[in-house]
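Enquirer: Sharing a structure here in structure tokens format.
The values are calculated or read from the model by the stated rules, or taken from the named source; none is laboratory data. Here the structure is a predicted model, which means the values were calculated and not measured. Cβ sites come from the backbone with ideal geometry, for glycine too, and all protein chains shown count toward neighbours.
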Amino acid sequence: MIETIQKFAPLLWENTLVTLGMVGASTLFAYLLGLPMGVLLRVTDRGGIMENHAFNSAFGWVVNILRSLPFIILMISISPFTRLLVGKAIGPVAACVPLVIGAAPFVARLVETSLAEIDTGMIEAAKCMGATNWQIISKVMVRESVPSLIRGLSISTITILGYSAMAGAIGGGGLGDVAIRYGQHRFEPKVMLLTIILLVIIVCVIQIVFDRLSTRLDKRNR
Amino acid sequence: MIEISHLTKKFNDKSGEVTALHDVNLSIGRGDVFGIIGMSGAGKSTLLRCLSTLETPTSGTVTLDGVNLHTLSGNDLIQMRRRMGVVFQGYNLLMQRTVRQNVAFPLSLAGGDPAETARRTSELLELVGLSAKADSYPSQLSGGQKQRVAIARALSTSPEVLLCDEPTSALDSLTTKSVLELLRDINRKLNVTIVIITHEIAVVKAICNKVAVIDASEFVEWGDTQEIFAAPKSRMTRQLLGYEVMNDD
Ligand SMILES: Nc1ncnc2c1ncn2[C@@H]1O[C@H](COP(=O)(O)OP(=O)(O)OP(=O)(O)O)[C@@H](O)[C@H]1O
Ligand SMILES: [Mg+2]
């Protein structure tokens, strides 16, 4: 085992960085898309500050359809679009495109759920103080649900990590790629085991860091 | 200053139409501490929500200095809302912000000068006796303290009217007394008109110069507190005063 570790350490380290980079960038862009989507879903919902039934159900359908596509299918079917956007359909950078598109609707639903936890009384109070809709969204809804949004962030980052391993399997690079190439094709079960251990460690770290952060930031805890 | 005329509010519920207010008329003068008292479900909160523009009447009008509240929109509506402070039964404080930030919130929404906002905030915290708690979070306060923060916050834009929905119903009797004294001070010192919704006759007796009794979505009696309580005409008022036993037909 020690031997295997020594032999594959540089490869594993390099691909851990690739995975972290891919997951980090995809999570960032998934939130740039998903956060406004989640806000839209919430404010147009029944009882929301910009209630709009027609828009809400149409948009809700789009989000649900995107969410129900299996990630592998999504990745393959949008590869022409990916090539158009980043110039190629293979490699870690290209993998970010389907990762973002696959994760954004998921993020949108998580954000929507976090925002829905906000007490309507708080929003009405802000209205009475003369807040505009934009101020209610930014200074009350999003601001007050930061702890919950961070817990959601931990869930979505871990989900994207899972997707990225799948992306690796079809040429996306990163730890998933290593697992398939060495573990499967070259039959090195120890390498497979090592990548799994690394993935488990990454998941645990993400979970612990974000949960601690969320608890620390939540001023409802005395 | 506030005129309510022929105000009717109906809700469409799953179980059908509910009339929360039926043809209500009332006039509230500048400087009044006006109590609105009634049993649970009588329509008190609905009335206050119509006054604070959170609810649109089904018919009838509410005017403040002659301006019909429910014809306003956009910036005019926002400006009008700043002329009225609202204190909610459940406090509705922002839980992720400090006491100071909560009190400053309405002013920061209006985009006021930060130094002036800070000065006004300290002044209000002093008024409600919470200067020492300025940097605490609402979760670290007692119910009475939270209500004081809510009152300070409602006063920050220097409103002419303070609308309070059951401001003391979650508080014990001693805390109730101190919150009511604070409201009376505000009425006298700052010359703010106060409308208080309550189901407790003691609250009306303690600070209201005017009272209206609401029963099953209609006003049954209104006028000077002393006159009304000295010679209650309606059955509901007598019940609230405890002269009659409930359910006694
Ligand atoms: N949004 C709503 N939808 C449907 N019915 C409503 C709504 N708001 C109030 N009602 C109904 O209107 C009536 C009056 O309610 P309101 O909340 O004004 O009573 P209240 O006098 O404030 O009572 P309480 O002392 O219990 O707070 C009740 O029958 C209530 O069920
Ligand atoms: Mg009520």
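Enquirer: Please give the number of the condition B:VAL62 fails out of (1) away from ligand 2 (no atom under 16 Å from the Cβ); (2) surrounded by fewer than 14 Cβ atoms within 10 Å (Cβ to Cβ).
Expert: Exception for B:VAL62: condition (2).
Enquirer: So for region A:193-216 (the condition being more than 14 Å from chain B (Cβ to nearest Cβ), modelled with pLDDT under 85, in a helix (DSSP H, G or I) and out of contact with any Pro (no Cβ under 7 Å at 6 or more places or on another chain)), does at least one residue qualify?
Expert: Within region A:193-216, none of the residues are more than 14 Å from chain B (Cβ to nearest Cβ), modelled with pLDDT under 85, in a helix (DSSP H, G or I) and out of contact with any Pro (no Cβ under 7 Å at 6 or more places or on another chain).
Enquirer: From the list A:SER164, A:SER156, A:SER145, A:SER114, exactly one residue is farther than 26 Å from A:LYS7 by Cα, touching a residue at least 12 places away in the same chain (Cβ under 8 Å), among the small types (Gly, Ala, Ser) and more than 14 Å from chain B (Cβ to nearest Cβ). Which is it?
Expert: Details: A:SER164 fails: farther than 26 Å from A:LYS7 by Cα; A:SER145 fails: more than 14 Å from chain B (Cβ to nearest Cβ); A:SER114 fails: more than 14 Å from chain B (Cβ to nearest Cβ).
None of the others qualify; the one that does is A:SER156.
Enquirer: Residue by residue through region B:53-80, note down the ones that are among the hydroxyl-bearing types (Ser, Thr, Tyr) and within 10 Å of B:GLU3 (Cβ to Cβ). Lay out the reasoning, then the answer.
Expert: Just the residues of region B:53-80 that are among the hydroxyl-bearing types (Ser, Thr, Tyr), to begin with: B:53, B:56, B:58-59, B:61, B:63, B:71, B:73.
Selection gives B:THR61, B:THR63.
Enquirer: Name the single residue, out of those in region B:1-18 being within 16 Å of ligand 2 (Cβ to nearest atom) and over 18 Å from B:LEU69 (Cα atoms), that is nearest to the chain's Cα centre (by Cα). Spell out how you get there, then give the answer.
Expert: From region B:1-18, those within 16 Å of ligand 2 (Cβ to nearest atom) are B:9, B:11, B:18; that's our starting set.
Adding the requirement that they be over 18 Å from B:LEU69 (Cα atoms) leaves B:11, B:18.
Details: B:PHE11: 21, B:VAL18: 23 Å.
By that ranking, first place goes to B:PHE11.
Enquirer: What's the number of the condition A:ALA125 fails, among (1) crowded, with 16+ Cβ neighbours inside 10 Å; (2) not in a helix (DSSP H, G or I); (3) not basic (Lys, Arg)?
Expert: (2)
Enquirer: Please specify each residue of region B:34-59 satisfying the condition of being more than 10 Å from ligand 2 (Cβ to nearest atom) and of a type in the set (D, E, K, R). Let's see the steps before the verdict.
Expert: Quick first cut of region B:34-59, residues more than 10 Å from ligand 2 (Cβ to nearest atom) only: B:34-37, B:39, B:50-59.
Correct list: B:GLU55 only.
Enquirer: Output the number of residues of region B:105-118 satisfying the condition of being away from chain A (no Cβ under 11 Å) and over 29 Å from A:ASN221 (Cα atoms).
Expert: 4
Enquirer: Let me ask something else. Those residues that are more than 8 Å from ligand 1 (Cβ to nearest atom) and among the aromatic types (Phe, Trp, Tyr), I need them from region B:2-39; list them, please.
Expert: B:PHE34 - this is the single residue of region B:2-39 that is more than 8 Å from ligand 1 (Cβ to nearest atom) and among the aromatic types (Phe, Trp, Tyr).
Enquirer: Then there's this: Of the residues A:ILE150, A:ILE201, A:ILE160, which single one is out of contact with any strand residue (DSSP E or B) (no Cβ under 8 Å at 6 or more places or on another chain) and over 30 Å from B:GLN96 (Cα atoms)?
Expert: Matching residue, one of A:ILE150, A:ILE201, A:ILE160: A:ILE201.
Enquirer: In addition: Could you please find all residues in region A:40-70 being among the small types (Gly, Ala, Ser), surrounded by 11 or more Cβ atoms within 10 Å (Cβ to Cβ) and outside any helix (DSSP H, G or I)? Show your work before the answer.
Expert: Residues of region A:40-70 among the small types (Gly, Ala, Ser): A:47-48, A:54, A:57-58, A:60, A:68.
When the remaining residues are screened for being surrounded by 11 or more Cβ atoms within 10 Å (Cβ to Cβ), the result is A:48, A:57-58, A:60.
Of everything in region A:40-70, just one residue is among the small types (Gly, Ala, Ser), surrounded by 11 or more Cβ atoms within 10 Å (Cβ to Cβ) and outside any helix (DSSP H, G or I), namely A:GLY48.
Enquirer: Here is a follow-up. Can you tell me how many residues in region B:40-72 are on the phi > 0 side of the Ramachandran plot, more than 13 Å from chain A (Cβ to nearest Cβ) and more than 8 Å from ligand 1 (Cβ to nearest atom)? Spell out how you get there, then give the answer.
Expert: Applying the first criterion (on the phi > 0 side of the Ramachandran plot) to region B:40-72 yields B:41, B:43, B:53, B:60, B:65-66.
Among the residues that remain, those that are also more than 13 Å from chain A (Cβ to nearest Cβ) are: B:41, B:43, B:60, B:65-66.
Then drop every residue that is not more than 8 Å from ligand 1 (Cβ to nearest atom), which leaves B:60, B:65-66.
Summing the residues that are on the phi > 0 side of the Ramachandran plot, more than 13 Å from chain A (Cβ to nearest Cβ) and more than 8 Å from ligand 1 (Cβ to nearest atom) in region B:40-72 gives 3.
Enquirer: Let me ask something else about it. When you scan region B:83-92, how many residues do you find that are at the interface with chain A (Cβ under 7 Å from one of its Cβ atoms) and surrounded by fewer than 20 Cβ atoms within 10 Å (Cβ to Cβ)?
Expert: The number of residues fulfilling the criteria is 1.
Per-residue answers, yes or no, for (1) buried (at least 17 other Cβ atoms within 10 Å of the Cβ); (2) over 17 Å from B:VAL149 (Cα atoms); (3) at pLDDT 90 or above:
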position	(1), (2), (3)
B:SER173	no, yes, no
B:THR176	yes, no, yes
B:THR198	yes, yes, yes
B:CYS208	yes, yes, yes
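Enquirer: Okay, moving on. Among the residues of region B:21-33, is any surrounded by 14 or more Cβ atoms within 10 Å (Cβ to Cβ), within 16 Å of ligand 2 (Cβ to nearest atom) and not in a helix (DSSP H, G or I)?
Expert: Checking region B:21-33: at least one residue is surrounded by 14 or more Cβ atoms within 10 Å (Cβ to Cβ), within 16 Å of ligand 2 (Cβ to nearest atom) and not in a helix (DSSP H, G or I).
Enquirer: Residue by residue through region B:43-59, note down the ones that are surrounded by 23 or more Cβ atoms within 10 Å (Cβ to Cβ) and farther than 23 Å from B:LEU180 by Cα.
Expert: B:CYS50
Enquirer: Of the conditions (1) modelled with pLDDT of 95 or more; (2) under 30 Å from B:LEU69 (Cβ atoms), A:ARG109 clears all except one; give me its number.
Expert: Answer for A:ARG109: the failing condition is (2).
Enquirer: Still on this model: Quick one: in region B:172-204, of everything that is outside any helix (DSSP H, G or I), within 23 Å of B:PHE229 (Cα to Cα) and away from chain A (no Cβ under 14 Å), which residue is nearest to ligand 1 (Cβ to nearest atom)?
Expert: Here is the first cut: in region B:172-204, the ones outside any helix (DSSP H, G or I) are B:172, B:190-200.
From what's left, within 23 Å of B:PHE229 (Cα to Cα): B:193-200.
Then keep just the ones that are away from chain A (no Cβ under 14 Å); that gives B:193-194, B:196-200.
Values: B:THR193: 21, B:ILE194: 18, B:ILE196: 13, B:ILE197: 7, B:THR198: 9, B:HIS199: 5, B:GLU200: 10 Å.
In this case the residue turns out to be B:HIS199.
Enquirer: Residues in region B:93-104: is at least one away from chain A (no Cβ under 12 Å), within 14 Å of the chain's Cα centre (by Cα) and surrounded by fewer than 23 Cβ atoms within 10 Å (Cβ to Cβ)?
Expert: So the first thing to find is which residues in region B:93-104 are away from chain A (no Cβ under 12 Å), and the list is B:100.
If we keep only those that are within 14 Å of the chain's Cα centre (by Cα) as well, we get none.
No: zero hits.
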